[in-house]
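Below you'll find the structure, written out as structure tokens, and then a few comments.
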């Protein structure tokens with residue numbers, strides 16, 4: 001009897017260990033870029049899935065589910081070998097019978113569009129989409145986005161989501177850094193980002209020009225990509241009371 005109990009315990013322990021190894025072996029991938037979505041970044045995201053015809057869903061929450069933005073999404077997808085989807089949040093229970101979480105967890109990749117970061121995050125929290133995205137990330141579903149769609153994944157950064165001036169917004173903290181999109185594209189972004197890091201309002205982080213992006217694998221920088229030689233991504237940090245800015249060497253997407 002004692003031998004049977006010991007054997008059962010050993011089997012349970014071995015099973016738990018195997019399950020733990022399976023969970024820890026999942027690779028997380030997160031691709032961020034400084035500006036709006038374009039065909040090259042969409043193709044790059046699709047390739048990250050490793051699927052022949054990946055299911056990719058677009059979240060236009062930051063523009064209030066703008067029909068114009070959704071039409072642009074479908075235009076980008078029209079001649080690519082992907083299965084495009086859109087997650088609208090302005091819905092009612094009569095028309096949408098499936099939970100946001102169930103929809104997202106069926107995808108191979110999730111792309112978040114630009115717009116008002118603050119409003120987007122507030123809606124996600126109210127609808128528990130933030131929690132669903134966390135589950136998707138831990139499951140190994142590719143996450144991507146630019147502008148509001150890149151800022152949301154970090155600890156925080158500056159946003160134009162409030163009246164009058166750029167201000168700090170807190171992100172989802174999937175990546176333990178600060179972030180600055182539109183780094184050289186908008187005149188006020190770069191100096192304000194430097195100032196906020198120097199004063200401790202933001203931690204060290206990553207900045208992207210509109211046509212440049214960074215791929216993080218398991219929360220670490222894997223590579224940088226760009227559409228042209230003028231657009232870059234940077235690691236920006238405080239060192240002895242001064243700002244250091246390191247350009248990340250990038251490959252040009254075609």
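Brief remarks follow.
- Cα-based shape type of the stretch 155-208, given that a ≥ b ≥ c are square roots of the gyration tensor eigenvalues and the cut on a/c is 1.5: rounded
- Between 154, 41, 100, the GNM of the chain built on Cα springs shorter than 10 angstrom shows 100 fluctuating the most.
- FRET efficiency for residue 53 and residue 92, using Cβ-Cβ distance with R0 set to 30 Å, rounded to 0.05: 0.45
- Rounded, prolate or oblate (a/c below 1.5 giving rounded, otherwise prolate when a/b exceeds b/c) for the stretch 28-252 by Cα gyration tensor: prolate
- Here the relative contact order of the chain, from alpha carbon pairs under 8 Å that lie six or more residues apart, stands at 20 percent.
- Within the chain, DSSP assigns beta bridges of which about 50% are antiparallel (rounded to the nearest 5).
- Spin-label zone in the stretch 60-84 - amide nitrogen under 15 Å from a point set 7 Å from the Cα of residue 119 along the C-beta vector: 60-70
- Sum of -39500 (n - 2.57) over DSSP H runs of 4+, divided by residues of the chain (222 nm, nearest 500): -10500 deg cm²/dmol
Read-outs: derived from the displayed coordinates by stated rules, not from any lab. None of these values were measured; they are calculated from a predicted model. When we count neighbours, we look across all protein chains shown, and the Cβ atoms used for this are built from the backbone with ideal geometry, even at glycine.
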